[in-house]
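Reviewing the structure listed below.
Please treat every number below as a calculation from the coordinates, not as lab data. Worth saying up front: this structure is predicted, and the values here are computed from it rather than measured. Here the Cβ positions follow ideal geometry from the backbone for every residue, glycine too, while neighbour counts run over all protein chains shown.
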Amino acid sequence: MTITITAFENSPDKGRGLARDMRVRWALEEVGQPYEVRLLSFAQMKEPAHLALHPFGQIPTYEEREFTLFETGAIILHIAERYPGLLPEGAAARARAITWMFAALNTMEQPIVELETVRLLESKEPWYEQRLPAVQGRVRNRLGQLSRRLGNAEWLDGGFSAGDLMMVEVLVRLESSSLLDDYPNLIAYVARAKARPAFERAFAAQLAVFTAQSSAG
Ligand code: GTB
């Protein structure tokens, strides 16, 4: 069975692995499933053919023989449930790992995306300088809470899981800022995850798209 995902033809992040196809690639690498990638331009993402797969006209999508998924939370959960490697044995441990996936998306990513939005879209607004510290404070608050929970542990709850994959994918969005600097255990956590061979393969695959597009154009 062929798995096909979609990704940016020209990712605005220039191969830094910040677009959300990266987390799907990483999950597929962790479970050892080969996949194909259909690259889309921004215009193609808004055409009916893609909107039939993704109602919001975004990447990534995930296609298997019988169905298509959108939303990386749903995609990663599906991969983790379908193939061994990303969820622990036992109903309670699995539920806790899934809880961390939701925490990553609903509790950590939300203020981080808000901060990105403020920086990217609102920097010319007269209230920008006042709003920025408040939004940074909300991110710091969550980082502090996460850092205290992680403590000296290697992963969030036992062995590496889909919860860690999602959490790290959210935290990497802060690497271009100094916000992680006060949390050495979170920096080490991200580094540990990025050293996983599956992460490295996924990162190299998305970077290869950027490299190929740059040399073609
Ligand atoms: N909630 C959805 C999910 O988790 O799947 C969010 C999907 C999403 O935001 N997709 C983005 C997209 O398709 C790409 S990843 N955007 C185009 C559009 O909405 O028209 C977000 C992203 C884009 C660029 C960078 N970057 O340049 O650094 C980082 C992240």
*Arg201-Thr4 FRET efficiency (beta carbon distance; Förster radius 22 Å; 0.05 resolution)*: 0.80
*Hey, rough spin-label estimate for Ala191 and Phe102, points 7 angstrom out along Cα→Cβ, what's it come to in nanometres?*
3.3
*How much length, in nm to one decimal, is gained on full extension between Arg148 and Glu175, taken as 0.36 nm per residue of separation minus their Cα-Cα distance?*
7.8 nm
_Positive minus negative residues near Arg82 (Lys, Arg vs Asp, Glu; Cβ under 14 Å)_ = -3
*If R0 is 45 Å, what FRET efficiency do you get for Ser123 and Phe67 from their C-beta distance, rounded to 0.05?*
0.65
*asked:* Can you tell me which lysines have their Cα less than 20 Å from the Cα of Lys194? Leave out same-chain residues fewer than eight positions away.
replied: Lys14
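What's the extension gain from Asn141 to Asp13 if we count 0.36 nm per residue and subtract their Cα-Cα distance? Could you put the intermediate results ahead of the total?
On the way: separation 128, 0.36 × 128 = 46.08 nm, distance 2.64 nm.
The span from Asn141 to Asp13 would gain 43.4 nm if fully extended.
In deg cm²/dmol and to the nearest 500, what is the mean residue ellipticity at 222 nm of the chain if only DSSP H runs of at least 4 residues count, each as -39500 (n - 2.57), divided by the residue total? It would help to have the intermediate numbers written out before the result.
On the way: 10 runs with 118 residues, N = 217.
The helix-only estimate for the chain comes to -17000 deg cm²/dmol at 222 nm.
So what is the diffusion coefficient of region 51-116 in µm² per second by Stokes-Einstein at 4 °C and 1.567 mPa s, using a Kirkwood Rh over Cα pairs?
Details: Rh = 13.5 Å.
For these conditions, the coefficient is 96 µm²/s.
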*Quick one: Debye curve from the C-alpha atoms of the chain, no solvent, what's log10 I(q)/I(0) at q = 0.09, 0.11, 0.15, 0.18 Å⁻¹?*
-0.37, -0.56, -1.05, -1.41
*Take each uninterrupted DSSP H stretch in the chain, measure its Cα extent along the helix axis, and return the ones at 27 Å or beyond whose mean Kyte-Doolittle hydropathy is at least -0.5.*
197-216
*Taking just the C-alpha trace of region 91-196, give me its Rg and Dmax in Å.*
14.6, 51
